[in-house]
Amino acid sequence: MRITIKRLRWLILGLACLLVAVLGGFLVYARYRIRHIGRDLPGKLGINIQQTANGFTYSQSDKGHTIFTIHASKLVQFKGNGHADLHDVAITLFGPPGTNREDHVYGSDFDYDQTNGIATAKGEVQIDLQAPLKPDNPQSSGEEQAEKSRIHVKASGLVFNQKTGVATTDQPVEFQLPKAAGKSVGASFDSKQGILILDKQVEMTTSANGEPTVVHASHAQLLRDSKQVFLLNAESEFRNERSTAEQAIIYFREDGSAERIDAKGNVHTVLENGAQATSQTANIALDTKSQPTQAVMGGGVNFIAKDEVQSMHGNAVEGTLTFGPDAVLHHAQFRNAVSFVDEQLKLANDPQGKATRQVQSSKLDIDFTTGADGKAVAQKALATGSAVATLRTIPSKGPEQNTTISADQLLATLNDGRAIQQLDGSGHTKIVDLGQDGASNVSTGDMLHISFVPQNSVAQKQEPAAARPRTAPMMQAAQIDTAVQEGNVSLVQTPAKNAKTSDGNAQLPLHATATRAEYHAADQVLHLTGKPRVNNGGIDLTAQLIDYHRDTGDATAKGDVKATYLREANQPNAPAASMFGGQGPVHIIASEAELHHASGDSIFRGQARMWQGANAVAAPIIELSRTQQTLKAHGDVHEGIGDKPHAVDTAIDSSMGPKRQQSVIRVKSNTLVYSDKERRGDFNGDVVAVAPDGTIRSDQAQFFLHPVAQQKTQSQPAAASQPGTSSQIDKIIAKGNVVLTQPGRKGEGEQLVYTSADGRYVLTGTSAAPPRISDATRGTTTGAALIFNDQDDSVEVSGGQSAAVTKTRAPR
């Protein structure tokens with residue numbers, strides 16, 4: 001299109017009109033914007049500010065009692081969201097009516113949501129909680145008292161809800177109690193209930209007698225009004241000692257000191273020396289210095305301690321510990337199913353050996369004293385209720401030793417807290433010694449007193465102090481020195497399995513009773529007094545005093561000795577003490593006696609008398625040998641009566657005389673030796689034998705008994721059924737100055753032989769002194785042999801110068 005001048009003019013005019021229209025539009029919009037800018041400018045400059053105020057205070061009350069007050073130096077009120085900024089904030093929380101308690105929260109900046117009643121701190125916050133505690137010094141000023149009774153808390157990110165009165169934070173918290181300080185992560189405070197909750201990673205430091213105690217917990221709660229602190233998974237450290245529990249509650253006094261701690265759930269304590277104690281519950285009472293005065297443990301108490309030379313462990317259902325000044329242990333009591341074991345891993349005189357002491361009872365009380373190092377040292381231990389103490393020694397060489405001591409009550413006196421010095425028992429006391437070979441010694445009684453061999457540390461004596469490690473000294477095994485039991489004492493000694501006597505028979509147990517028994521380990525002699533009685537299966541012995549040697553089995557008795565020899569049914573082949581082939585028990589009385597176990601020999605002194613049925617022997621001394629089956633009777637040469645005439649008085653039950661009636665032959669002599677094997681008795685020294693049909697006197701005499709088998713067939717049925725009637729005389733040989741006296745006649749010679757088979761006495765002499773007989777009718781008659789017949793009272797004279805045989809009969 002061709003542009004002409006006319007068209008160019010119209011285009012310029014149109015553009016001018018458009019420009020005017022655009023400028024007009026801009027002017028209209030400008031007026032609109034200027035009007036709105038004037039109205040919105042305050043909002044743009046003050047971020048939705050509704051109002052501002054200096055010295056802002058807000059309070060909330062209930063029934064005339066102020067619950068809390070919020071004060072700020074400046075408040076900036078926002079529009080729309082109901083929030084306000086509070087600067088230099090102080091929140092005062094008031095306790096229930098009548099408590100006069102005030103808690104304070106301080107912070108530089110808070111965001112306050114008035115609609116929901118929530119104040120959120122933008123920075124660090126200081127909280128002062130007034131604890132209901134009395135100050136240490138009542139004379140201090142009010143300001144000092146207030147300061148001492150405050151709990152200071154420093155936190156950040158605190159959120160306070162005015163409706164609930166609860167302040168919370170999930171940030172790190174630091175707190176200061178009257179006598180402790182600590183920290184945690186996260187906390188909340190309920191102003192209405194007075195509860196401070198520390199969420200996690202709780203750590204608190206306090207002091208006991210000037211020494212720090214650190215407490216850790218996964219969670220904690222502080223109840224201000226009841227002065228209690230609840231801890232979960234609590235752990236405390238004090239003096240290199242560590243204690244843990246699943247739960248713990250700490251109770252505080254008015255002055256802020258801890259009064260009591262109640263812990264439960266796997267309560268575990270590790271002491272400085274490594275000893276450990278566990279229980280399910282623990283209640284600990286504390287003094288004003290927060291030191292323990294008493295600890296009560298329950299739900300199963302366990303203890304273990306170990307070092308290089310000693311190991312200890314024990315358990316009970318419950319226990320109580322009592323502490324003295326400076327928290328030193330003063331007394332310990334453990335109850336129900338108590339068991340404590342002390343094991344010596346090395347012995348002073350045998351480093352490779354071991355020794356164990358165990359105590360079991362229903363209750364165990366231990367008294368402690370303070371040692372030179374200020375630590376507790378056990379002094380006495382009292383076990384009651386079926387108390388049992390077991391002493392076991394395992395030497396590196398030699399047999400193991402086991403001793404068990406039990407009683408209703410056992411009281412142990414300790415030396416240096418470790419070695420047993422003395423043990424006293426009462427009520428059903430019992431001592432059991434066991435050997436590896438099966439042998440045992442068991443004694444019982446009403447009362448018990450045991451003294452132990454004094455302990456000494458050989459290793460420490462040999463090594464200089466600088467060379468010794470700082471551990472417990474090596475101790476010797478507890479060895480009994482003396483043991484005394486009183487009241488209804490009974491003892492049983494059982495030999496080892498398959499143990500035999502010297503004659504090959506099985507050894508029998510020994511039983512003993514007495515009023516009092518006293519044992520000395522040095523000589524292994526057991527002294528029995530108070531109507532003592534000892535029975536070893538083969539002999540029953542009583543006296544005023546009996547000394548029994550446990551090592552050899554020998555025994556000595558004094559004063560009114562009475563002994564009875566028996567043959568046990570389970571030892572039919574054992575040699576029995578018998579007299580002249582008699583049967584039944586053999587009884588002996590004397591002033592003193594010696595019984596030798598190995599040889600089977602016994603010696604009775606002091607007007608001893610022995611009898612078996614009608615057989616009897618009386619002499620100053622009677623000696624018996626069960627193995628040799630011999631009997632010896634004689635005088636006491638030590639008393640100057642060894643050659644005393646007729647020191648021995650013997651009675652033999654046998655059938656003699658015209659009618660073969662059973663009667664007693666009395667024999668007196670200076671000595672007697674009888675052998676049951678040979679069935680022979682030798683009487684020596686001024687022998688006088690009184691028989692039913694006459695009396696024989698001689699220098700010596702031998703009595704021979706029938707063999708046992710022959711004797712049984714020849715004995716009369718009626719007589720044989722009676723005890724001691726089997727001692728039938730077979731032959732008598734009298735020698736030396738023989739005199740036979742019968743009623744109305746008397747024979748003299750050098751030898752007299754009596755045979756029971758024909759009832760004849762054959763009296764002979766020598767060529768220089770032939771035998772002779774004297775009677776009232778015929779006077780004196782001699783011959784080579786004089787034969788007396790006890791069946792018809794006849795006398796035969798045989799031999800002589802005429803070699804004639806003459807029969808005479810003399811009236812009796």
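The values are calculated or read from the model by the stated rules, or taken from the named source; none is laboratory data. As the structure is a prediction and not an experimental result, all values here were calculated from the model. A quick note on method: Cβ atoms are made from the backbone with ideal geometry, for glycine too, and the neighbour counts reach across all protein chains shown. These accessible areas exclude ligands, DNA and RNA; they are computed on the full protein's heavy atoms, side chains included. Shrake-Rupley method; radii C 1.70, N 1.55, O 1.52, S 1.80 Å.
Tabulated data
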quantity	calculated
Residue under evaluation T390, criteria (1) open to solvent by 40 Å² or more (accessible area, probe 1.4 Å); (2) within 28 Å of M297 (Cα to Cα), criterion not met	(1)
In segment 367-387, the residues that are modelled with pLDDT of 80 or more, on the phi > 0 side of the Ramachandran plot and either open to solvent by less than 60 Å² (accessible area, probe 1.4 Å) or of a type in the set (D, E, K, R) (or both)	G385
Meets criteria (out of contact with any strand residue (DSSP E or B) (no Cβ under 8 Å at 6 or more places or on another chain) and either open to solvent by 20 Å² or more (accessible area, probe 1.4 Å) or on the phi > 0 side of the Ramachandran plot (or both)) for Q751	no
Looking only at segment 323-361, and only at residues there that are among the hydroxyl-bearing types (S, T, Y) and under 21 Å from S279 (Cβ atoms), the one that is surrounded by the fewest Cβ atoms within 10 Å (Cβ to Cβ)	S339
Some residue of segment 588-596 being modelled with pLDDT of 90 or more, out of contact with any Asp or Glu (no Cβ under 6 Å at 6 or more places or on another chain), assigned to a strand (DSSP E or B) and of a type in the set (D, E)	yes
Single unsatisfied condition, T115 versus (1) touching a His at 6+ places or on another chain (Cβ under 9 Å); (2) surrounded by 15 or more Cβ atoms within 10 Å (Cβ to Cβ); (3) in contact (Cβ under 8 Å) with a residue 24 or more places away in the chain	(2)
Test: G182 is closer than 30 Å to I67 by Cβ, of a type outside the set (S, T, N, Q) and open to solvent by less than 30 Å² (accessible area, probe 1.4 Å)	yes
Looking only at segment 629-647, and only at residues there that are outside any strand (DSSP E or B) and at pLDDT 85 or above, the one that is farthest from the chain's Cα centre (by Cα)	A647
Residues that are assigned to a strand (DSSP E or B) and free of Cβ contacts under 8 Å to residues at least 24 places away in the same chain, drawn from segment 271-311	Q280, T281, N283, G298
Residue that is nearest to Q130 (Cα to Cα), among those in segment 185-206 that are open to solvent by 40 Å² or more (accessible area, probe 1.4 Å) and polar (S, T, N, Q)	Q193
Filter pass, L364 being within 16 Å of A419 (Cβ to Cβ) and surrounded by 21 or more Cβ atoms within 10 Å (Cβ to Cβ)	no
Segment 435-456, residues that are under 17 Å from N402 (Cα atoms) and either open to solvent by 50 Å² or more (accessible area, probe 1.4 Å) or acidic (D, E) (or both)	Q436, D437
